[in-house]
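Novice: I have a structure I would like to understand better, so I am pasting it below and will then ask my questions one at a time.
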Amino acid sequence: MAAHGTGTGTRQPEVELIRDADRAGSWLLLVDGTPQSHVDLSDPTYLDFEYVQRIGHTIDLAFPAGRQIRALHLGAGALTLARYIAATRPGSRQRAVDNNPRLIELVRESLPWGRRTDLRVGTGDAREWL
């Protein structure tokens with residue numbers, strides 16, 4: 001599944017979701033052909049990319065599993081970390097923002113995160129959200 005820019009005059013990167021051939025239920029998000037995010041819908045605690053594993057480990061060290069937290073994700077990707085937090089810290093309140101509206105639309109349509117997750121996703125500049 002691929003999505004192109006919005007046609008607003010500002011070039012938005014091309015975003016694409018492809019199935020992970022090695023892991024059932026998993027998807028890889030590409031932005032302009034570069035892998036950016038990996039998500040396993042059947043096991044949101046599986047973190048494929050090393051940099052995401054490190055962030056996950058940091059979350060685990062700072063906040064005990066099961067403890068609700070509030071999180072702001074600057075750059076939504078495929079919502080890998082938001083799904084991880086929802087699975088390991090149920091009831092956590094989360095917000096994600098990305099500057100690419102087509103990316104948000106593609107993830108929302110193809111990789112829904114469900115109503116049980118207290119996650120709000122918006123489009124905009126991360127600096128303005130802060």
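The values are calculated or read from the model by the stated rules, or taken from the named source; none is laboratory data. Note that the structure is a prediction, hence the values are computed from the model and not measured. We place every Cβ from the backbone using ideal geometry, glycine too, and count neighbours over all the protein chains shown. The protein model used for the area step is the full one, side chains on, heavy atoms only, and it has no ligands, DNA or RNA in it. Shrake-Rupley method; radii C 1.70, N 1.55, O 1.52, S 1.80 Å.
Novice: Which of the residues spanning the range 106-130 are of a type in the set (Ser, Thr, Tyr) and part of a helix (DSSP H, G or I)?
Specialist: Kept after step one, since they are of a type in the set (Ser, Thr, Tyr), are these residues of the range 106-130: 110, 117, 123.
Listed by number, the list holds a single entry, 110.
Novice: Checking the condition at pLDDT below 95 and closer than 24 Å to residue 23 by Cα, which residue from 109, 50, 128 passes?
Specialist: Values: 50 fails: at pLDDT below 95; 128 fails: closer than 24 Å to residue 23 by Cα.
Exactly one of 109, 50, 128 is at pLDDT below 95 and closer than 24 Å to residue 23 by Cα, namely 109.
Novice: Inspect the range 59-68 for any residue being of a type outside the set (Asp, Glu), farther than 22 Å from residue 130 by Cα, at pLDDT below 95 and in a strand (DSSP E or B) and give the result as yes or no.
Specialist: The answer is no; no qualifying residue exists.
Novice: So if I check each of 47, 103, which one is among the aliphatic types (A, V, I, L, M) and not in a loop (DSSP other than H, G, I, E, B)? Don't jump to the end; show me each part of the working.
Specialist: Details: 47 fails: not in a loop (DSSP other than H, G, I, E, B).
On inspection, the qualifying residue turns out to be 103.
Novice: Being part of a strand (DSSP E or B) and among the aliphatic types (A, V, I, L, M) is the requirement here; does residue 82 meet it?
Specialist: Numbers: part of a strand (DSSP E or B): no; among the aliphatic types (A, V, I, L, M): yes.
Here the answer is no, as residue 82 does not meet what is asked.
Novice: With respect to residue 65, is the statement that it is exposed (fewer than 12 other Cβ atoms within 10 Å of the Cβ), over 21 Å from residue 12 (Cβ atoms) and either hydrophobic (A, V, I, L, M, F, W, C) or touching a Pro at 6+ places or on another chain (Cβ under 6 Å) (or both) true? Break it down into steps so the answer makes sense when it comes.
Specialist: Working: exposed (fewer than 12 other Cβ atoms within 10 Å of the Cβ): yes; over 21 Å from residue 12 (Cβ atoms): yes; either hydrophobic (A, V, I, L, M, F, W, C) or touching a Pro at 6+ places or on another chain (Cβ under 6 Å) (or both): yes.
So residue 65 fits the description; yes.
Novice: I would also like to ask the following. Does residue 118 count as among the acidic types (Asp, Glu) and surrounded by 13 or more Cβ atoms within 10 Å (Cβ to Cβ)?
Specialist: Numbers: among the acidic types (Asp, Glu): yes; surrounded by 13 or more Cβ atoms within 10 Å (Cβ to Cβ): yes.
Yes.
Novice: While we're on this one: Run residue 55 past the list (1) open to solvent by 40 Å² or more (accessible area, probe 1.4 Å); (2) at pLDDT 95 or above; (3) assigned to a loop (DSSP other than H, G, I, E, B) and report the number of the one that doesn't hold.
Specialist: It is condition (3) that residue 55 fails.
Novice: Determine if the range 8-21 includes at least one residue that is at pLDDT below 95 and either of a type in the set (Asp, Glu) or in a helix (DSSP H, G or I) (or both).
Specialist: yes
Novice: I've got another one for you. Among all residue pairs at least 6 apart or on different chains, which show Cβ distances below 6 Å where the first residue, located in the range 90-108, is basic (Lys, Arg) and the second is open to solvent by 50 Å² or more (accessible area, probe 1.4 Å)?
Specialist: Short answer, once both residue conditions are applied: 93/70; 93/118; 95/72; 95/120; 102/6.
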